[in-house]
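Please read the structure below before turning to the comments.
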Amino acid sequence: MTTVTNLAAAGSGETVAEPPVLTRVEGRAGYIVLNRPRAINALTLEMVRLITRTLEEWRHDDQVQTVVLTGAGDRGLCAGGDIVAIHRDATSDQPAERTASAMFWREEYALNALIATYPKPYVAVMDGIVLGGGVGVSAHGSHRIVTERTSVGMPETGIGFVPDVGGTWLLSRGPGQLGTHLALTAGSVKAGDALELGLADWFVESSAIPALLAALATTRPGVAIAAHASSAPPGQLEAERDWIDACYSDNDVPAIMKALRKHPSPAAQAAADTLATRSPTAMAVTLRALRSAAGFADLEAALRQELRLVVRFLDCADFAEGVRAAVIDKDRDPSWYPKRPEDVWPEDIDRFFAPLTHELAPSTGTPTSTEES
């Protein structure tokens, strides 16, 4: 972690670590900076709590009229959560609901819900890499900005996991089946496609971001952003809607893969090849979660469902194996079980959706006890 010299300790030569979240108020704006640039600002429980506390304080601060979220460094806003720490929980003997990961998810999802319902404008600058948890702290905001450097993704099925932080809610509301395609392939998109998917609202050149941040201290966000915005480079997904909508319309992963294989488009064939490398269990759970989320009344319902899923994935061998292959050993050769989507049985998927002993309460994120079904 980056360190700075503490003025009070300068004479002794001591150093202190910078806080992982920096906050300041300038003019009418409150600025939150995710401050772990060496880790592409990956979220920790401490960061989630600091952001939550700041938002709750600024809710009642009349000076703060707009909240602005950015990430330190030049690599991205946020690369997600600490996947290595979650892997430790997945490979431990501790009951899944009582792990540090379960606590992190509960508080993270409560923060996602807070952002979505925040009573003041929330401007998220989604510059550079925005993955997983980074989507959760940005894409639920009221003013979401992307740049030519933006790469937004939900890579979960590639590590035997499921899109969370409200990802199933967001992706289920994209045009046609674009969200299903992105979720199952674990893909990432640039600015134009992020706008098309409904994950962002404005395009601003990265060179204009400093001027925009300064303007937000004196100007209402809609006016400030419009003054610095420009047209985004065209995306790719809209031109591929025909085959995406046709091939991903089924509620069954094997049927989707069969449709992709039969379609003459080379892009459809490439998508089928990609799905063949993803966790069959994760794809099946993700597809059902997307279809369920499409019918939910609000984000919080999707977050409650996602909490059930992610806690259950701690006990799923595919998740531990996916992280091992992608992050621990980095051999990029996971061994999924079962290996084929055809061998994932409906009853195997049902267990992921069963209520937890401690559910996520509406609006607060506070765990509430229920009977396990």
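The values are calculated or read from the model by the stated rules, or taken from the named source; none is laboratory data. This is a predicted model, so every value here is computed, not measured. Counting neighbours? That spans all protein chains shown, and the Cβs are built from the backbone with ideal geometry, glycine included.
Conditions (1) within 13 Å of the chain's Cα centre (by Cα); (2) surrounded by fewer than 24 Cβ atoms within 10 Å (Cβ to Cβ); (3) in contact (Cβ under 8 Å) with a residue 60 or more places away in the chain, marked per residue:
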residue: Pro121; (1), (2), (3): no, yes, yes
residue: Gly141; (1), (2), (3): yes, yes, yes
residue: Gly158; (1), (2), (3): no, yes, yes
residue: Pro163; (1), (2), (3): yes, no, yes
residue: Thr168; (1), (2), (3): yes, no, yes
residue: Gly176; (1), (2), (3): no, yes, yes
residue: Gly192; (1), (2), (3): no, yes, no
Among the listed residues Asp245, Asp273, which satisfies the condition of being touching a residue at least 12 places away in the same chain (Cβ under 8 Å), part of a helix (DSSP H, G or I) and of a type in the set (Asp, Glu)? Asp245
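Which of the residues that make up segment 88-102 are part of a helix (DSSP H, G or I) and either on the phi > 0 side of the Ramachandran plot or surrounded by 15 or more Cβ atoms within 10 Å (Cβ to Cβ) (or both)? Reasoning before the result, please.
Residues of segment 88-102 part of a helix (DSSP H, G or I): 88-90, 96-98, 100-102.
Of everything in segment 88-102, those that are part of a helix (DSSP H, G or I) and either on the phi > 0 side of the Ramachandran plot or surrounded by 15 or more Cβ atoms within 10 Å (Cβ to Cβ) (or both) turn out to be Arg88, Asp89, Ala90, Ala96, Glu97, Ala100, Ser101, Ala102.
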Name the residue that is nearest to Arg28 (Cα to Cα), counting only residues in segment 209-218 that are touching a residue at least 12 places away in the same chain (Cβ under 8 Å) and out of contact with any strand residue (DSSP E or B) (no Cβ under 7 Å at 6 or more places or on another chain). Thr218
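Considering every residue within segment 73-82, establish whether at least one is farther than 29 Å from Ala320 by Cβ and either modelled with pLDDT under 95 or surrounded by fewer than 21 Cβ atoms within 10 Å (Cβ to Cβ) (or both).
Of the residues in segment 73-82, the ones farther than 29 Å from Ala320 by Cβ are 73-74.
If we keep only those that are either modelled with pLDDT under 95 or surrounded by fewer than 21 Cβ atoms within 10 Å (Cβ to Cβ) (or both) as well, we get 73-74.
Yes, because at least one residue in segment 73-82 is farther than 29 Å from Ala320 by Cβ and either modelled with pLDDT under 95 or surrounded by fewer than 21 Cβ atoms within 10 Å (Cβ to Cβ) (or both).
Give me a count of the residues in segment 43-60 that are closer than 19 Å to Glu26 by Cβ and surrounded by 12 or more Cβ atoms within 10 Å (Cβ to Cβ).
Residues in segment 43-60 being closer than 19 Å to Glu26 by Cβ and surrounded by 12 or more Cβ atoms within 10 Å (Cβ to Cβ): 7 in total.
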Which members of segment 202-227 meet the condition of being buried (at least 19 other Cβ atoms within 10 Å of the Cβ) and part of a helix (DSSP H, G or I)? Leu212, Ala215, Pro221, Ala224, Ile225
Can you give me the number of residues within segment 248-270 that are farther than 20 Å from Glu156 by Cβ, outside any helix (DSSP H, G or I) and either over 25 Å from the mean Cα position of the chain (by Cα) or hydroxyl-bearing (Ser, Thr, Tyr) (or both)? 4
Criterion: modelled with pLDDT of 95 or more, of a type in the set (A, V, I, L, M, F, W, C) and on the phi > 0 side of the Ramachandran plot - qualifying residue of Ala191, Ala186, Ala232: Ala186
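For (1) surrounded by 15 or more Cβ atoms within 10 Å (Cβ to Cβ); (2) β-branched (Val, Ile, Thr), each residue gets a yes or a no:
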residue: Ala270; (1), (2): no, no
residue: Pro280; (1), (2): yes, no
residue: Leu287; (1), (2): yes, no
residue: Val310; (1), (2): yes, yes
Under the condition of being within 25 Å of the chain's Cα centre (by Cα) and hydrophobic (A, V, I, L, M, F, W, C), which residue from segment 217-238 is farthest from Tyr122 (Cα to Cα)? Leu237
What are the residue pairs meeting all of these: first residue in segment 17-32, first residue more than 23 Å from Ile225 (Cβ to Cβ) and touching a residue at least 12 places away in the same chain (Cβ under 8 Å), second residue exposed (fewer than 14 other Cβ atoms within 10 Å of the Cβ) and of a type in the set (Gly, Ala, Ser), Cβ atoms under 7 Å, and 6 or more apart or on different chains? none
